[in-house]
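Okay, structure first, notes after.
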Amino acid sequence: MSLKSSTVSMSSTQQTAGRRRRGGPARPGLVAGLAVSALVLAACGGTTGEEDTGSASSADDDTISVFGAFATPLEEPWDGAIHAALTAVAEDGEIEYEHVDDLGTADEMERALRDIIATEDPDVIIGDAFAAEEAVREVAAEFPDTAFAFGSGGAEQAPNFSVFDNWLQDPAYLAGMLAGGLTKTGTIGVVGAMPIPEVNRIVNAFTAGAQEVNPSARVTVSFINSFFDPATAKQAAEAAIAGGADVLFAERDGVIAAAQENGLPVFGMMVDQQDQAPEHVVSSLVWDMRPTVEAVVTAVADGSYEATNLAEYSFMKQGGSSLAPINTGTAFPIPAELTARVEERQAAIMDGSVVTPVDEDEPAGSTTVGE
């Protein structure tokens with residue numbers, strides 16, 4: 001795992017007296033605490049990551065401090081999208097930001113959270129709890145003065161544990177429409193993490209979009225039983241290709257490489273992944289966590305923060321998700337009428353005249369290929 005920091009300044013914010021403030025002279029024992037932190041992180045197989053992240057200014061005393069705690073390496077797009085939003089907010093001077101990633105087990109996550117609070121005492125901790133739900137919620141309950149906002153499939157937990165998720169059904173539907181219009185074999189391959197509600201709703205929306213444009217399209221779905229296993233994801237994609245798929249959806253990392261090697265259209269996930277295969281990535285489902293981050297930071301700053309479900313901030317209408325610009329430089333043509341049809345549906349989603357269905361059931365006929 002790595003530990004990186006970004007310290008920036010912003011105009012002072014006012015907060016209720018009940019919240020602790022950061023900044024000013026170093027707290028007694030902080031240096032010793034960071035040494036302990038380094039030992040804990042090293043025991044997990046990581047580093048303290050003291051490298052500079054590009055910010056040279058110091059934070060005001062009233063700057064909100066945010067710590068990211070991520071279960072996977074940041075190369076995994078889900079956590080990478082959260083980190084990107086936090087980094088952007090920090091670079092704009094709205095928060096102080098540090099993070100640690102690759103906390104792969106519940107024990108590592110719990111140990112890191114306790115160490116973060118003991119040594120850094122941030123105003124907010126943001127991360128993902130899917131692999132450590134019970135542990136994260138237990139720590140949050142013990143520290144009610146710290147705001148927690150975590151990716152979770154469960155409900156919010158009073159008083160301080162808010163939840164969010166990547167509600168990407170809107171861009172998934174639009175990407176599916178493109179896939180349905182591009183397939184020549186009539187078979188589209190999807191490789192996903194695992195059949196859990198937050199993945200199922202994306203895969204099902206993608207399938208629905210594909211079948212709106214091409215009612216006879218067959219969508220094969222393989223789950224790798226992991227949030228980050230590029231090798232298995234690539235193998236699953238190659239199996240889908242062998243089964244006739246000529247368009248792929250990379251819900252997990254590893255699929256784009258298979259598409260490029262086989263010269264096929266592919267759709268990315270979480271961030272615009274066009275640069276991974278410029279002639280083959282048609283578009284990507286983009287998750288922008290910035291609206292979620294800013295909602296949390298604003299509430300902490302004005303003293304109104306309480307546990308809440310932050311789902312709405314990931315909706316396309318709120319600017320929390322989007323379809324990346326359709327790639328005009330692919331090695332295959334994208335019909336103008338297909339693009340126009342997708343743009344028309346996107347406009348309807350944005351003005352509220354169309355609401356993308358949310359189906360969290362396991363996709364029919366899906367298979368699991370991971371351990």
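May I ask you to list the residues in the stretch 331-357 that are within 22 Å of residue 168 (Cβ to Cβ) and assigned to a loop (DSSP other than H, G, I, E, B)?
To start, the set of residues in the stretch 331-357 that are within 22 Å of residue 168 (Cβ to Cβ) comprises 334, 338-339, 341-357.
Across the stretch 331-357, the qualifying residues are 334, 351, 352, 353, 354, 355, 356, 357.
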The stretch 70-84, subset surrounded by 22 or more Cβ atoms within 10 Å (Cβ to Cβ) and in contact with a helix residue (DSSP H, G or I) (Cβ under 6 Å, 6 or more places away or on another chain), residue farthest from residue 125 (Cα to Cα) | 72
Name every residue in the stretch 95-142 that is open to solvent by less than 50 Å² (accessible area, probe 1.4 Å) and hydroxyl-bearing (Ser, Thr, Tyr), in order of residue number.
-> 97, 119
Any residue at all in the stretch 287-305 that is outside any loop (DSSP other than H, G, I, E, B) and either more than 21 Å from residue 63 (Cβ to Cβ) or of a type in the set (Phe, Trp, Tyr) (or both)?
-> yes
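This table checks each residue for (1) polar (S, T, N, Q); (2) outside any loop (DSSP other than H, G, I, E, B); (3) under 25 Å from residue 268 (Cβ atoms).
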| site | (1), (2), (3) |
| --- | --- |
| 62 | no, no, no |
| 65 | yes, yes, no |
| 80 | no, yes, yes |
| 102 | no, no, yes |
| 140 | no, yes, no |
| 155 | no, no, no |
Would you call residue 348 out of contact with any helix residue (DSSP H, G or I) (no Cβ under 9 Å at 6 or more places or on another chain), of a type in the set (A, V, I, L, M, F, W, C) and open to solvent by 50 Å² or more (accessible area, probe 1.4 Å)?
-> no
Hey, among the residues in the stretch 209-244 that are in a loop (DSSP other than H, G, I, E, B), closer than 15 Å to residue 367 by Cα and in contact (Cβ under 8 Å) with a residue 60 or more places away in the chain, which one's most open to solvent (accessible area, probe 1.4 Å)?
-> 225
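Within the stretch 284-300, take every residue that is in contact with an Asp or Glu (Cβ under 8 Å, 6 or more places away or on another chain) and not charged (D, E, K, R) and give me the one that is surrounded by the most Cβ atoms within 10 Å (Cβ to Cβ). Break it down into steps so the answer makes sense when it comes.
Narrowing the stretch 284-300 to residues in contact with an Asp or Glu (Cβ under 8 Å, 6 or more places away or on another chain): 284, 286, 294, 297, 299-300.
Add one more test, that the residue is not charged (D, E, K, R), and what stays is 284, 286, 297, 299-300.
Values: 284: 27, 286: 22, 297: 23, 299: 17, 300: 23.
Among residues in the stretch 284-300 that are in contact with an Asp or Glu (Cβ under 8 Å, 6 or more places away or on another chain) and not charged (D, E, K, R), the one surrounded by the most Cβ atoms within 10 Å (Cβ to Cβ) is 284.
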Does residue 313 satisfy the condition of being more than 21 Å from the chain's Cα centre (by Cα), of a type in the set (Phe, Trp, Tyr) and buried (at least 17 other Cβ atoms within 10 Å of the Cβ)?
-> no
Are any of the residues in the stretch 179-195 out of contact with any Gly (no Cβ under 9 Å at 6 or more places or on another chain), more than 26 Å from residue 316 (Cα to Cα) and of a type in the set (A, V, I, L, M, F, W, C)?
-> no
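Please enumerate the residues belonging to the stretch 195-208 that are assigned to a helix (DSSP H, G or I) and surrounded by fewer than 19 Cβ atoms within 10 Å (Cβ to Cβ).
Let us first name the residues in the stretch 195-208 that are assigned to a helix (DSSP H, G or I), namely 197-208.
Those that are assigned to a helix (DSSP H, G or I) and surrounded by fewer than 19 Cβ atoms within 10 Å (Cβ to Cβ): 197, 198.
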Complete set of residues in the stretch 202-234 that are of a type in the set (D, E, K, R) and modelled with pLDDT under 95 | 229
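The values are calculated or read from the model by the stated rules, or taken from the named source; none is laboratory data. Just so we're clear, the structure is a prediction, and the values are computed from it rather than from any experiment. When we count neighbours, we look across all protein chains shown, and the Cβ atoms used for this are built from the backbone with ideal geometry, even at glycine. For the accessible areas, the whole protein counts, side chains as well, though only heavy atoms, and no ligand, DNA or RNA atoms are used. Shrake-Rupley method; radii C 1.70, N 1.55, O 1.52, S 1.80 Å.
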